[in-house]
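First up is the structure itself, then whatever we jot down about it.
The values are calculated or read from the model by the stated rules, or taken from the named source; none is laboratory data. What you are looking at is a predicted structure, and each value in this text was computed from that prediction instead of being measured. Reconstructed Cβ throughout: ideal geometry from the backbone, glycine too, with neighbour counts over all protein chains shown. Only protein heavy atoms, including side chains, enter the accessible area calculation; ligands, DNA and RNA are left aside. Shrake-Rupley method; radii C 1.70, N 1.55, O 1.52, S 1.80 Å.
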Amino acid sequence: MSRARVARRIAAGAAYGGGGIGLLGVAAVGVLLAEMQLAKRTVGGGVAPVPPSADGLYGAGYGSPAFPVEPVRLALLGDSTAAGQGVRRVGQTPGSLLASGLAAVGERPVELRNVALPGARSDDLDRQVTLALARPERLPDVCVIMIGANDVTHRMPATESVRHLAAAVRRLRTAGAEVVVGTCPDLGTIEPVYQPLRWLARRVSRQLAAAQTIVVVEQGGRTVSLGDLLGPEFAANPREMFGADNYHPSAEGYATAAMAVLPTVCAALGVWPEPERPEPDRREGMLPVAQAAAEAADEAGTEVTGARAPWALLKHRRRRRLAPAAEPAREALHDDARP
């Protein structure tokens with residue numbers, strides 16, 4: 001069965017309350033469990049530092065006391081990838097990189113709030129969305145969600161996983177926020193993972209990423225394939241791209257992921273200097289949603305945006321190199337309000 005059809009079945013099962021539609025056959029599950037025990041002995045052998053808090057105001061120089069500029073409010077939700085586990089400096093976290101990049105492109109200050117939790121699965125998104133929307137006077141303008149890796153490693157049913165994600169995107173969109181989801185990264189590139197687990201992990205993570213894309217687009221959000229997060233660049237440069245625990249990204253890895261997500265975040269807010277129309281010479285175009293989702297899962301950094309149902313726009317936006325961000329101006333944010 002094609003990835004597009006599998007992704008559509010998972011999305012339909014989530015929408016209509018289907019049971020635990022799995023991504024692997026029964027025989028494959030036995031192999032996967034055996035290989036997981038072997039992989040656990042080496043994956044995570046190092047220690048990943050606690051992610052630093054990157055909350056604060058970025059690009060504070062835009063505007064002036066006489067002509068203040070209302071900041072763009074950016075919220076990050078998800079797992080350790082969104083939290084920035086694996087690096088020690090604020091400026092190396094994906095939230096800091098995205099906030100500083102958005103401030104530079106939009107020429108407006110950006111207020112960042114990160115409610116992501118290391119180890120979180122998609123069933124934690126309801127709690128995180130509640131935190132992100134807790135202050136009605138400071139609702140986010142755009143939210144970035146990075147989730148899915150822990151759903152795969154903890155064998156959460158795919159229908160359950162995407163059901164929680166769809167509900168989170170729906171709540172955020174109802175509150176007026178733009179939503180960009182970095183879909184499940186390719187777990188088949190984690191260096192200590194051996195065959196056949198490597199092949200199975202790649203297959204499962206890409207199928208989940210495609211299903212995530214379908215439900216996010218149907219709820220009015222956008223997705224970016226995060227294959228680059230643990231994709232070809234990571235496989236080619238594992239010593240540079242992975243952190244101390246051989247699992248979470250390094251500073252260079254997070255910069256690569258942020259470069260993939262930033263153009264879509266800016267486009268969602270209407271500040272990216274590229275047209276929304278497809279460019280055929282860049283292999284962009286309108287496709288059925290399920291087909292677009294499957295193709296995006298195969299090529300990291302690909303954006304999928306909803307068009308007129310059942311069509312979606314597949315785009316390959318040009319990236320910009322991101323430098324480590326400066327420390328945020330935390331004094332402007334009232335840290336005592338953070339839960």
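The condition (being at pLDDT 90 or above and either in a helix (DSSP H, G or I) or under 15 Å from the mean Cα position of the chain (by Cα) (or both)) is satisfied by just one residue among 294, 257: 294.
The single condition among (1) within 17 Å of the chain's Cα centre (by Cα); (2) open to solvent by 30 Å² or more (accessible area, probe 1.4 Å); (3) within 17 Å of residue 298 (Cβ to Cβ) that residue 119 does not satisfy is (3). Being open to solvent by less than 10 Å² (accessible area, probe 1.4 Å), touching a helix residue (DSSP H, G or I) at 6+ places or on another chain (Cβ under 8 Å) and in contact (Cβ under 8 Å) with a residue 12 or more places away in the chain: is that true of residue 148 here? So residue 148 passes the test.
Among the residues of the range 153-170, which ones are closer than 17 Å to residue 117 by Cβ and in contact with a helix residue (DSSP H, G or I) (Cβ under 6 Å, 6 or more places away or on another chain)? Within the range 153-170, 161, 164, 165, 168 meet the criteria. Within the range 93-108, the set of residues being crowded, with 24+ Cβ neighbours inside 10 Å and more than 17 Å from residue 260 (Cβ to Cβ) comprises 103 only.
Matching residues to (1) open to solvent by less than 40 Å² (accessible area, probe 1.4 Å); (2) of a type in the set (Gly, Ala, Ser); (3) out of contact with any Asp or Glu (no Cβ under 8 Å at 6 or more places or on another chain):
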{"position": "86", "(1), (2), (3)": "yes, yes, no"}
{"position": "126", "(1), (2), (3)": "no, no, yes"}
{"position": "164", "(1), (2), (3)": "no, no, no"}
{"position": "179", "(1), (2), (3)": "yes, no, yes"}
